[in-house]
Amino acid sequence: MAQTSPGDDVFETVAELFTLLSTPIRLKIISSLCQGEKNVSQLLDEIDTTQPNMSQHLATLYRAGVLGKRRESTQIYYRLESERVASLCRAVCTQVAIEMDDETEPGDRLLPAGRR
């Protein structure tokens, strides 16, 4: 059996986080909720997907502790609970957008919504 090093827990945690964030729709949800809490309808106005698919991804992010939620009448509002996840997403998406900017010609850019 291989011996584990003290840093192995860190790598395991980061790998789990990257797995959670490996779906573009989850990144879009996190990006949208960085602007403040929103209900499912508001998220669907911004993100092109079906309501059942949106609900599935919201539930996954909620169970992972990335999102919090509150009920107001018949609406459920979601908010970002993990500043660590928000910071990581911001850093990675910003860096990729900058690199894409450098590699594309003006007028031929595909950038995240926050960079347009």
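Considering every residue within the stretch 9-18, establish whether at least one is open to solvent by 90 Å² or more (accessible area, probe 1.4 Å) and in contact with a helix residue (DSSP H, G or I) (Cβ under 6 Å, 6 or more places away or on another chain). No: the stretch 9-18 contains no residue that is open to solvent by 90 Å² or more (accessible area, probe 1.4 Å) and in contact with a helix residue (DSSP H, G or I) (Cβ under 6 Å, 6 or more places away or on another chain). Criterion applied to R79, R90 was being touching a Lys or Arg at 6+ places or on another chain (Cβ under 8 Å) and open to solvent by 50 Å² or more (accessible area, probe 1.4 Å), and the one residue passing it is R79. Selection of the stretch 1-42 for residues being more than 22 Å from V92 (Cα to Cα), of a type in the set (A, V, I, L, M, F, W, C) and modelled with pLDDT of 90 or more yields only V40. Condition first: assigned to a loop (DSSP other than H, G, I, E, B) and closer than 20 Å to L17 by Cβ. Now tell me which residues in the stretch 63-102 satisfy that. Scanning the stretch 63-102 gives A64, G65, V66, E81, S82.
The values are calculated or read from the model by the stated rules, or taken from the named source; none is laboratory data. Please read all numbers here as calculations on a predicted model, not as lab measurements. All Cβ positions, glycine included, derive from the backbone under ideal geometry; neighbour counts span all protein chains shown. For the accessible areas, the whole protein counts, side chains as well, though only heavy atoms, and no ligand, DNA or RNA atoms are used. Shrake-Rupley method; radii C 1.70, N 1.55, O 1.52, S 1.80 Å.
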